[in-house]
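Participant: Below is the structure I would like to discuss, written out as structure tokens.
The values are calculated or read from the model by the stated rules, or taken from the named source; none is laboratory data. Everything quoted here is computed from the prediction, not taken from an experiment. Reconstructed Cβ throughout: ideal geometry from the backbone, glycine too, with neighbour counts over all protein chains shown. All accessible areas refer to the heavy atoms of the entire protein, side chains included, with ligands and DNA or RNA removed. Shrake-Rupley method; radii C 1.70, N 1.55, O 1.52, S 1.80 Å.
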Amino acid sequence: MTVEQELKLIVNAIDDKRAEDIVVLDMSKISPIADYFVICEGNSEKQVQAIAREVKEVAHKNELPIKRLEGMDAARWVLADLENVVVHVFHRDDRDYYNLEKLWADAPKVEVEID
């Protein structure tokens, strides 16, 4: 599976759980951490957890490595590190505070088609 296929799979998974304001940043030329950051938000702790669980389930079904999954208990900012793609699931109330889009403003935004 290519990185782009992996990215599309993850974006569709978070969209299935009704994540809002999905932003994909191309990090490949900016940071060695990952090729892409996916940033999204949920309206409640339960929704944040549901989005993160869906990412985890889709990763397992497709044999994608999950290096780290953090923040599930508080569900204010859940980070799922899938090696090539890092997913940031924020609670709506906390996303603006951390403002990763501004922090990584030099990263180009990528449009991913949602099925």
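Participant: Residue farthest toward the positive end of the dipole of the chain, with Cβ of Lys/Arg at +1 and Asp/Glu at -1: which of ALA107, ILE51, ALA74?
Facilitator: Positive-end residue among those listed: ALA74.
Participant: Then there's this: Give me the accessible area of GLU113, 1.4 Å probe, in Å² rounded to the nearest 10.
Facilitator: Approximately 130 Å² of GLU113 is accessible to the 1.4 Å probe.
Participant: Give me, ordered by chain and number, the residues 5 or more places off GLU41 or on other chains with an amide H under 5 Å from its own placed amide H.
Facilitator: GLU20, PHE90
Participant: Would you mind getting the accessible area per residue of the chain, heavy atoms of the protein chains only, 1.4 Å probe, in Å²?
Facilitator: 57
Participant: Related question: Mind listing the phi-derived Karplus ³J(HN,Hα) values for the stretch 28-37, rounded to whole Hz, using 6.51, -1.76 and 1.60 with θ = phi - 60°, and x for any glycine or proline?
Facilitator: With coefficients 6.51, -1.76 and 1.60, one gets 4, 9, 10, 9, x, 5, 6, 7, 9, 10 Hz.
Participant: Now for a different question. Under a straight-distance cross-link criterion of Cα-Cα below 17 Å, which aspartates and glutamates are reachable from LYS17, leaving out those fewer than 8 residues away in the same chain?
Facilitator: GLU41, GLU45, GLU54, GLU57, GLU113, ASP115
Participant: Now for a separate question. Report in % the part of the accessible area of the chain that belongs to carbon and sulfur, leaving out ligands and nucleic acids; probe 1.4 Å.
Facilitator: 46
Participant: Further, regarding this structure: Identify which of the listed values of Rg/Rh (Cα atoms, Kirkwood Rh) was calculated from the structure shown: (i) 1.02; (ii) 0.98; (iii) 0.92.
Facilitator: So the structure-derived entry is (iii).
Participant: So how far, in whole Å, is the C-alpha centre of the stretch 1-71 from the one of the stretch 89-115?
Facilitator: Comparing the Cα centres of the stretch 1-71 and the stretch 89-115, I get a distance of 12 Å.
Participant: How much mean residue ellipticity at 222 nm does the chain get from its helices, if each DSSP H run of length 4 or more adds -39500 (n - 2.57) and you divide by all residues, to the nearest 500 deg cm²/dmol?
Facilitator: Calculated at 222 nm, the ellipticity per residue is -11000 deg cm²/dmol.
Participant: Cβ neighbours within 10 Å, averaged per peptide: list 29-35, 18-24 in order, most packed at the top.
Facilitator: Ranking the peptides 29-35, 18-24 by packing returns 18-24, 29-35.
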